[in-house]
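Reading through the C-alpha cells given below for one structure.
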Amino acid sequence: MTLKVPPGATDCHLHIFGPTARYPYTEKRAYTPPEASLEAYTKLSTSLGFERMVIVQPSVYGKDNACTMDMCVAAGPKRARAVVVVDDTFSDAQLKEMNDKGARGVRINALTSAGVPPEAIQKLAKRIAPLGWHMQFWISGPQLVALSDLIMALPVPAVFDHMGQFALDGGVNNPEFKTLLRLIEKDHCWVKTVGYRVSKAGPPYEDIRTQAETMIKTAPDRCVWGTDWPHPHLEGRAYPDSHFLLNLMASWAGSEAQAKRILVDNPARLYGF
C-alpha cells in the first residue's frame, strides 16, 4: 500500500542531535550518535509529506533539554511540539517555560538508566497534570507489566514508545502484549506504532504485523506514528527506510481513513496542534 500522506500529518517521534559544540552529550550515555540537524530532518519530512513534528528528548542529552527545545522553537508553534526529560529538580516556572515553547510531554526512560522509581512517576504526573502534558514511557515489556497498575491510575495520558517493547514469544498471547492491549483499551493510554525495534526478523518486519494490526483495532483513536529519525543506537541491526516504514504502517491501518487518524487526527488531540 502506497499512502498519499494527508495534510496536517505529524511525525510523532524524531530526534535532533547537535551541533555537539553547542549541545554536548552527557558523559553517561549508552551511545554516541552523529549530528542530525533540523535542516536534514526537514528534507526527509518534506519528501514524506509531513507538515508537523514531535521532537523527543534523546537519552544522550540526559536532562539537558536545550537542543530539543531550541529546535522546537526554531521549527515554530504551528509545526513542532516537544517531549522532554525532567525530574523533581525542575521548578514549576521551568516547566511552564518549556510548555510555552512547545513541550507537551515528559519522557520516562527506564531502558538506558537505572529506571525511575514508581513514587517519582506518580509525583511528576501530578505536577504536569495542570499543564495538560502526558507521560511517554520508554520501557521494556517486563517493566510495562510491572508498572501497569500504576500507569492505569495516572492522572495524565500515558504514551508507550516503540509499541511498548513487548516480547514476540507467544504472539498476541504473550503476557507483555496482552498487558499493553489491556492498557490501550483505556481512554488515557496511547501507543506509538513504531515497531521496527520490536521486530526480530528485520525488514519487512512481518513478525510484528499481527500485533500491530491488533493494537490499531484495539485503540484506533489512540495510535500515533513516527519515523524515529535518525534511527539512533542500531548497532548491528538493519537501518530502516522511513518511506517503507510509513507505507508499512498504512498497511497495518488497513484503510486511508484509519491512516489519517493515526497521522493527523490523533496527534492533533494528543499534542494540541
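Numerical summary
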quantity	calculated
Extension reserve of the R22-A129 stretch, reckoned as 0.36 nm per residue once the Cα distance is removed	35.3 nm
Sequence-distant lysines (8 or more away, or on other chains) whose Cα lies within less than 22 Å of K126	K63, K96, K101, K186
Among P19, P240, H134 the positive-end extreme of the charge dipole of the range 10-271 (Cβ point charges)	H134
Derived scalar couplings ³J(HN,Hα) [the range 12-20; Karplus, 6.51 cos²θ - 1.76 cosθ + 1.60; whole Hz; x for Gly, Pro]	8, 7, 8, 10, 10, 10, x, x, 5
Listed residues K43, K260, K178, most fluctuating in the chain (Gaussian network, C-alpha, under 10 Å)	K43
Semi-axis lengths (Å, descending) of the ellipsoid that matches the C-alpha gyration tensor of the range 10-271	25, 22, 18
Net length gained if the chain between A66 and K96 were fully extended (0.36 nm per residue, minus Cα distance)	9.3 nm
Residue of Q165, Q57, Q122 that the Gaussian network model of the chain assigns the largest fluctuation, springs spanning Cα pairs under 10 Å	Q122
Cross-link partners of K4 among lysines (Cα-Cα below 25 Å; sequence separation of 8 or more within a chain)	K43, K78, K192, K217, K260
Inter-label distance for F244 and R197, nm, one decimal - labels placed 7 Å from Cα along Cα-to-Cβ	1.9 nm
Kirkwood estimate for the range 1-59, i.e. one over the average of 1/r between Cα atoms, Å	13.1 Å
Mean residue ellipticity (222 nm) of the chain, computed from DSSP H runs ≥ 4 via -39,500 (n - 2.57), nearest 500	-10500 deg cm²/dmol
Contact order normalised by residue count of the chain, Cα under 8 Å, 6+ apart, percent	20 percent
Lys/Arg +1, Asp/Glu -1 at C-beta; the chain dipole; positive extreme among N174, A30, V156	V156
Charge dipole magnitude, Cβ of K and R +1, D and E -1 - the range 114-246, Cα centre, debye nearest 20	320 debye
Magnitude of the charge dipole, the chain, Cβ model with Lys/Arg +1 and Asp/Glu -1, debye to 20	400 debye
Largest-first principal axis extents, alpha carbons of the range 162-241, Å	35, 26, 18
Length added when fully stretched, D207-Y31, from 0.36 nm per residue minus Cα-Cα	60.7 nm
Those residues of the range 218-255 whose amide nitrogen sits under 19 Å from the label point placed on E39, 7 Å along Cα→Cβ	230
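Quick note: the coordinates plus some simple rules give every number you see, no bench work behind them. Keep in mind that this is a model prediction, so the values were computed, not measured. Glycine also receives a Cβ, built like all others from the backbone with ideal geometry; neighbour counts cover every protein chain displayed.
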